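See structure below.
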Amino acid sequence: MNQSTIHAQDDAALIAHLKQVAARTDEFEYYAHPHAARVAAIAAELGKLFQLGDADLRSLHHAALAHDAGMLAMRRDYIARAGKLTEEERRDLARHAVVGEGETARLGLDRPAQLTIRWHHEAWNGDGYPDGLHETQIPLPARILHVADAYSALTDSRPSRPARTQHQALQIMREEAGLDFDPLIVHRLLTLTSHPALASFADSSSIDALSHIT
């Protein structure tokens, strides 16, 4: 057995484990449908548009599947509560990115994937967390994951709100381009509107298109 075959088998085993983590995390966060796998599908398409290399695409895929591992580790009950979080809860929630970095190090993700998870809530205007990075201080994979995560979350049901339609979600993404999100990544997202991963669960006719994303 050659080295590339061994590497492929190891990667397949890691992805299988990450999918299990993703399913448990989705369940804990009360997503109505698989979330992390859909984030990974959207992030992969954006990564290709930005011509990421194979190693970077692989790290991004791993990071997308495990992006909320910190949420699962923290297990805060306010996640399921409708309504706004208190200021103390918001500060506590912001810790999940750093906790996720540590959790995924133990899972065996490489350092680029760990840092993508740490920084996937950093904002283009510097108002994100945990480190207050801004614009291109934030590595491209983390900026991609931020956009993919936000779009997937907007178009699925949560305890606090129903799913937005694709049109509504894209309008929110446009409004936040240059503030929360890298405007170029949002622009590229808009070129993917016919991709099945961007269908919305608010539209019952889209569920079949989304059903293959697991």
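Observations
- Residue count for the stretch 125-148 satisfying the condition of being under 21 Å from R90 (Cβ atoms), of a type outside the set (S, T, Y) and either in a loop (DSSP other than H, G, I, E, B) or without any contact (Cβ under 8 Å) to a residue 12 or more places away in the chain (or both): 10.
- Test for H61: is it of a type outside the set (V, I, T), within 16 Å of the chain's Cα centre (by Cα), under 22 Å from L154 (Cα atoms) and not in a helix (DSSP H, G or I): no
- Looking at R58, R90, just one residue is within 27 Å of D127 (Cβ to Cβ), modelled with pLDDT of 90 or more and of a type outside the set (A, V, I, L, M), and that residue is R90.
- The set of residues from the stretch 171-185 being part of a strand (DSSP E or B) and surrounded by fewer than 20 Cβ atoms within 10 Å (Cβ to Cβ) comprises just one member, A177.
- Among the residues of the stretch 73-95, those identified as surrounded by 14 or more Cβ atoms within 10 Å (Cβ to Cβ), touching a Leu at 6+ places or on another chain (Cβ under 9 Å) and assigned to a helix (DSSP H, G or I) are M74, I79, D92, L93.
- Residue check for G70: part of a loop (DSSP other than H, G, I, E, B), touching a residue at least 40 places away in the same chain (Cβ under 8 Å), under 17 Å from the mean Cα position of the chain (by Cα) and under 25 Å from S157 (Cα atoms): no
- Extreme residue, nearest to L115 (Cα to Cα), among residues of the stretch 145-162 that are modelled with pLDDT under 95 and either loosely packed, with under 15 Cβ neighbours inside 10 Å or not polar (S, T, N, Q) (or both): R158
- Contact map, the stretch 11-29: first residue touching a residue at least 12 places away in the same chain (Cβ under 8 Å), second residue in a helix (DSSP H, G or I) and of a type in the set (D, E, K, R), Cβ cut-off under 9 Å, separation 6 or more or different chains; pairs are D11/R58; V21/E103.
The values are calculated or read from the model by the stated rules, or taken from the named source; none is laboratory data. Being a predicted model, the structure only gives us computed values, none of them experimental. Positions of Cβ are backbone-derived with ideal geometry, glycine not excepted, and every protein chain shown enters the neighbour counts.
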